[in-house]
Each structure stands twice: as C-alpha cells, then as structure tokens.
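Report on the following structure.
The values are calculated or read from the model by the stated rules, or taken from the named source; none is laboratory data. Note that the structure is a prediction, hence the values are computed from the model and not measured. Methodologically, a virtual Cβ is constructed for each residue, glycine included, from the backbone with ideal geometry; neighbour enumeration extends over all protein chains shown. When the accessible area is computed, the model is the full protein with side chains, heavy atoms only, and any ligands, DNA or RNA have been set aside. Shrake-Rupley method; radii C 1.70, N 1.55, O 1.52, S 1.80 Å.
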Amino acid sequence: KMFERKLRALGYPNAASFDADQTEQLHALVVWLEDLKIRALPEADRVPLRTFGEGWGATLRGYLEAVGCPHALPELEELAQRRCVVDWLLGEAVGLDAHHVLLVFVVAVAIFAFTTSVSAFLVALFDLVQRVDVRIEELES
C-alpha cells in the first residue's frame, strides 16, 4: 500500500494489489515502467529485462545501474533495499511522466498560438477581400 498513490498516478493496472515483496510483481512493475514510462533502454535491450527466471536478479541490477539508480540491490531478497529501489523507480517514472505532460502542454500552446495567429490573419485577409468590390468591367476601362 505504500506505493499505491504513485502507482495510481502513473496508471499502473495493479496499483491496489501491488506488493514489492513479491518478486513476480516486482518484475511485472519494472517491465511496465521501462516499457511505458522510463524508456531508458532501446527496445531490443529490454528483452532480458522481460525474461523472468533464474538470472533476473543480475539483469535487474544491470538495469538499475543503467538508469542511474543510487540504490544497490545485491540480493533480491533484501526487502528493505527492494522497497527503496521501487520507490526510486516510481519517483523517476512520475518525474518523467510529468515532464512529458509539460512538453505536450507547451507544444499544444505553441500550436494554438500559431493557429490562432494564422486564423486571425486569414479572417482579416478574407474581410479585406470582401471589402474590395472591384468589377472586371471597371478594371478593363
């Protein structure tokens, strides 16, 4: 329950039932975070992270080092350290998610400002064209 708020903020499907002490759930969370939120590794390099089995602890340690996690996880069984790792990964994901939302907002504002300027220009141009009442006959004479 200690991670539920961050998990819900990120849209994690199993936020209410997540238990960091369960290795299978930790695996599912790490894969989900990397695939959808953190995205530090190229797609091809995520395959070992997705493969759950005997050597997954070593894979996880390599991943944590790659993403710059300050918490070492020498053994998966160290539950207190595991919780620190989960908390750090969730904090990283929330920060990246907020950064992404901010970028989308800035781009949307820029597009709105640009289209508003273009729209205003086109409206003014259309208004100007409507005011000019020039007939072909007047131009010919």
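Observations on the model:
- Where labels lie 7 Å past Cα in the beta-carbon direction, separation of residue 23 and residue 103 in nm: 3.5 nm
- For segment 1-122, the share of accessible area belonging to carbon and sulfur comes to 63 percent (1.4 Å probe, ligands and nucleic acids excluded).
- Between residue 67 and residue 41, the simple spin-label model (points 7 angstrom out along Cα→Cβ) gives 1.0 nm.
- Accessible area per residue, Å², segment 17-69 with all protein chains present, probe 1.4 Å: 51 Å²
- Full extension of the chain between residue 80 and residue 94 yields a length gain of 2.9 nm, computed as 0.36 nm times the residue separation minus the alpha carbon distance.
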